[in-house]
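Everything on this sheet refers to the single structure shown next.
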Amino acid sequence: MYYDKVEGLDRKELEALQAERLRKVIERASCSPYYKEQFKAAGVDSSSIKTVDDIRRLPFTTKDDLRANYPYGLLAKPLDEFVRLHASSGTTGTPTAVFYTQSDLDKWADLMARSMHTCGVRKTDVLQNMSGYGLFTGGLGIHYGSERLGCLTVPAGAGNTSRQIKLIKDFNVSVMHIIPSFALYFAQKVQDEGYDPKDMPWRIALIGAEPHTEDTRKRVEELLCIKAYNSYGLSEMNGPGVAFECTEQNGMHVWEDSYVAEIIDPNTGEHVKEGEIGELVMTTLTREGMPIIRYRTRDLTRFIPGDCPCGRTHRRIDRITGRADDMLIIKGVNIYPMQIEKILMAMPEVGQNYLIELFCEGYMDQIRVKVEVKDEFFVEDMRALQGLQKRIASKLRDEILVTPRVELVMHNSIPKSEGKAKRVVDLRESED
Ligand code: ADP
Ligand code: ZN
């Protein structure tokens, strides 16, 4: 039933395994210049860990720490033992690099294969990987995982929708790995080009790599007649394959035999109460070349309380509501782009893309939301359009507590990037 029996391991045994692996990873990490100094300063070593809960005694690692020690400061092995590097996409500034030994790559491929198996992908499937290859981990990460599972793997890469569709039809592709914002765009294209999704061979979409709402998932599912599963990962923790949805589609199991996940209050650094939202902190348990301890992901989520009906014992995290860095402050109010997406994607008139613009009017910061409207609602009746515009603005106001300007645009008129969507454009610096 499981890809690996560790998925159903009794919690006590799982936590004992974590504690044992944590002690070992501390020893390995101490071989890197960075952690050697950090652990010394904090007065901790592997003997500080009796249970996995003692992880709280270890210092945090931040993205700034990785940048300050770029590129080799966290390597725990000589450089000639490494065979690959990846870099984060640099969504929030200077990228960071992560290095893998052959054994790290093997373990990552196993986790990725396990993740895909969890939501029903099997070796008989043909998997098309529609994310960019290269330094981004979503390319080779998914690729090697898919091969490890035994799927025939189509390394299509990003973009070029018509070609993607041709490959899918030619090779009977049953699983697609696709970034959610691109999935919406892709679904629209499929429709525009006159295909009936029911005639297409696909059955599963693995969507992840960027925040998206439950309604976005539902849209992808409905538009493509497919099942879509959430995939979470970050390059500092290898890449994809860190947490993955099972067929219950209710939260992502974090692979706790390979990672320790904690959720903290970002201000105090203390653990939040079970079920509360906070910042996800992750520790690699099995990585050899470049272990990372208590990494502050800046991603906001919560543990979903209770057991999963699928029987896996690894805890589930909820969908990421946003990154701490995504937070916008407009007129003194904190706003996350996902709050806006939540409202928009639940409205049937709204098309597949939107863009948030921040601008200055006088001395006031303002927010404008450009919203693509589906063709059938983009009518010539001005009053109907104005009514829609008002309704969107008022729904958004109820959610974000600030009234945004709403601009309605035709479908496909907001440029679509091939990689992760850029949802917010800040025009304030370029204006007086
Ligand atoms: P970057 O930090 O430059 O975007 P990565 O490519 O490593 O680099 O991206 C990892 C980040 O992508 C995560 O920290 C998270 O913010 C986001 N992410 C990945 N998967 C998901 C997901 N399923 N849902 C929401 N956000 C995700
Ligand atoms: Zn489950």
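Structure notes:
- Inspection of segment 352-363 finds no residue satisfying the criterion of being open to solvent by 50 Å² or more (accessible area, probe 1.4 Å), among the charged types (D, E, K, R), touching an Asp or Glu at 6+ places or on another chain (Cβ under 8 Å) and in a strand (DSSP E or B).
- Ile329 vs. criteria closer than 30 Å to Ser131 by Cβ, within 25 Å of the chain's Cα centre (by Cα) and either among the hydrophobic types (A, V, I, L, M, F, W, C) or modelled with pLDDT under 95 (or both): no
- Residue ID - nearest to Ala261 (Cα to Cα), chosen from residues in segment 322-338 that are surrounded by fewer than 18 Cβ atoms within 10 Å (Cβ to Cβ) and within 16 Å of ligand 1 (Cβ to nearest atom): Ala324
- Qualifying residue in segment 83-97 (condition: part of a helix (DSSP H, G or I) and either modelled with pLDDT of 95 or more or away from ligand 1 (no atom under 16 Å from the Cβ) (or both)): no
- When restricted to residues that are over 30 Å from Thr313 (Cα atoms), small (Gly, Ala, Ser) and open to solvent by less than 40 Å² (accessible area, probe 1.4 Å), segment 31-66 contains 1.
- Selection of first residues in segment 114-140 that are outside any loop (DSSP other than H, G, I, E, B) and of second residues that are among the basic types (Lys, Arg) and within 16 Å of ligand 2 (Cβ to nearest atom), restricted to Cβ pairs under 9 Å at least 6 apart or on distinct chains, gives the following pairs, ordered by first then second residue: Thr118/Arg312.
- Scanning segment 364-374 for residues that are open to solvent by 20 Å² or more (accessible area, probe 1.4 Å) and in contact with a strand residue (DSSP E or B) (Cβ under 7 Å, 6 or more places away or on another chain) returns Asp365, Gln366, Arg368, Lys370, Lys374.
- Odd one out for Leu111, checked against (1) under 20 Å from the mean Cα position of the chain (by Cα); (2) part of a helix (DSSP H, G or I); (3) surrounded by fewer than 22 Cβ atoms within 10 Å (Cβ to Cβ): (3)
- Test set (1) more than 15 Å from ligand 1 (Cβ to nearest atom); (2) touching a residue at least 40 places away in the same chain (Cβ under 8 Å) - Val242 fails condition number: (1)
The values are calculated or read from the model by the stated rules, or taken from the named source; none is laboratory data. These figures come from a predicted structure and were not determined experimentally. Using ideal geometry, Cβ is built from the backbone for each residue, glycine included, and neighbour counts are taken over all protein chains shown. Accessible surface areas use protein heavy atoms only, side chains included; no ligands, DNA or RNA. Shrake-Rupley method; radii C 1.70, N 1.55, O 1.52, S 1.80 Å.
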